[in-house]
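Structure first, then comments.
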Amino acid sequence: MGDKSSAIRETSSLKREKQATMIEEMAERVRRLATAARYNATAVGNKLDIPSSSAALYWSGKRAWPIETLPGLAELLGVNVEFLMTGEKLAISTTRDRRLSFGGAPTENNDTVEVAEIDLRYGMGATFLDDVVDATPRSFSRAWLRNFTDSPPDELFWARGQGNSMEPEIRDGDIVLIDRRQQSLVMADLIWAFAYGDTGMIKWLRPLPDGSVEIHSSNQSVRPAKAYDGEISLIGRVVAVVKRL
């Protein structure tokens with residue numbers, strides 16, 4: 001029992017260290033890009049309507065940049081959100097570069113790629129993962145997809161949500177675009193598709209310092225849950241939602 005408790009504490013400590021490292025690395029990327037653009041912490045805060053005291057904490061890496069600031073921050077610094085969060089991709093500044101991340105430049109009259117649509121209704125509630133899954137290829141514009149992600153099409157798929165626990169962000173029957181290339185809980189409070197035990201879900205996930213993960217619904221009548229080591233397997237991050245009018 002003592003050995004198991006010690007192992008859990010060690011794992012939690014390593015996860016806290018990893019999260020702190022990710023926050024600092026992202027802060028360093030922001031500082032480097034902002035400095036090159038002749039912005040300091042105060043200037044970035046002013047551009048994003050963030051109090052100077054908070055901007056200073058994000059700038060120094062003492063606190064993570066809030067997820068809601070990332071689109072504006074990425075636009076201000078001329079990069080994409082993925083680069084800010086992970087640093088794994090180069091800042092994309094030209095149409096040609098963006099096309100290369102989608103498997104090559106399209107021909108003059110063909111800007112379409114195929115993305116699989118999975119007939120599996122991830123629970124917003126929960127849906128058992130051993131249900132039959134049918135994949136149907138659908139054609140989409142590269143340019144349109146690049147509004148949401150720079151991952152290649154074979155790393156993306158569409159699925160339909162089911163249930164009302166994620167309303168109003170995702171309603172029953174809404175179509176969600178899932179990016180399987182994103183597999184790390186780098187930032188808190190993003191929407192993920194994941195397996196929890198034997199069920200598939202789409203929920204907000206919030207990693208905690210002790211190594212656990214809180215599972216949140218948008219519907220306030222649904223109580224949060226908490227998952228521990230090995231209980232969650234990430235499928236991908238939800239990067240877009242197509243709603244019915």
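Rule-based calculations on the coordinates, nothing more; no lab input. Everything numeric in this text was worked out from a predicted model, so none of it was measured. Positions of Cβ are generated from backbone atoms using ideal geometry, with glycine treated the same way; all protein chains shown enter the neighbour counts.
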(request) Please turn the phi angles of the range 153-164 into ³J(HN,Hα) values with the Karplus equation 6.51 cos²θ - 1.76 cosθ + 1.60 (θ = phi - 60°), one per residue in order, whole Hz, x for glycine and proline. (result) x, 6, 9, 10, 7, 9, 8, 9, x, 9, x, 10
(request) Quick one: net charge around E155, please, counting Lys, Arg +1 and Asp, Glu -1 for every other residue with C-beta under 9 Å from its C-beta. (result) 0
(message) Under the 0.36 nm per residue contour assumption, what length would be gained going from the current alpha-carbon distance of E155 and V242 to full extension?
(response) 29.5 nm
(request) State, to one decimal in nm, how far the label point of E114 lies from the label point of R180, with both points 7 Å from Cα in the Cβ direction. (result) 1.5
(request) Extending each Cα 7 Å along its Cβ direction at A20 and N219, get the distance between those two points in nm, one decimal. (result) 4.0
(message) Can you compute the FRET efficiency between A195 and R38 using 1/(1 + (r/R0)^6), with r the Cβ-Cβ distance and R0 = 35 Å? Round to the nearest 0.05.
(response) 0.15
(message) Using amide H atoms built in the peptide plane, which far-off residues or other-chain residues are under 5 Å from L190 H to H?
(response) L205
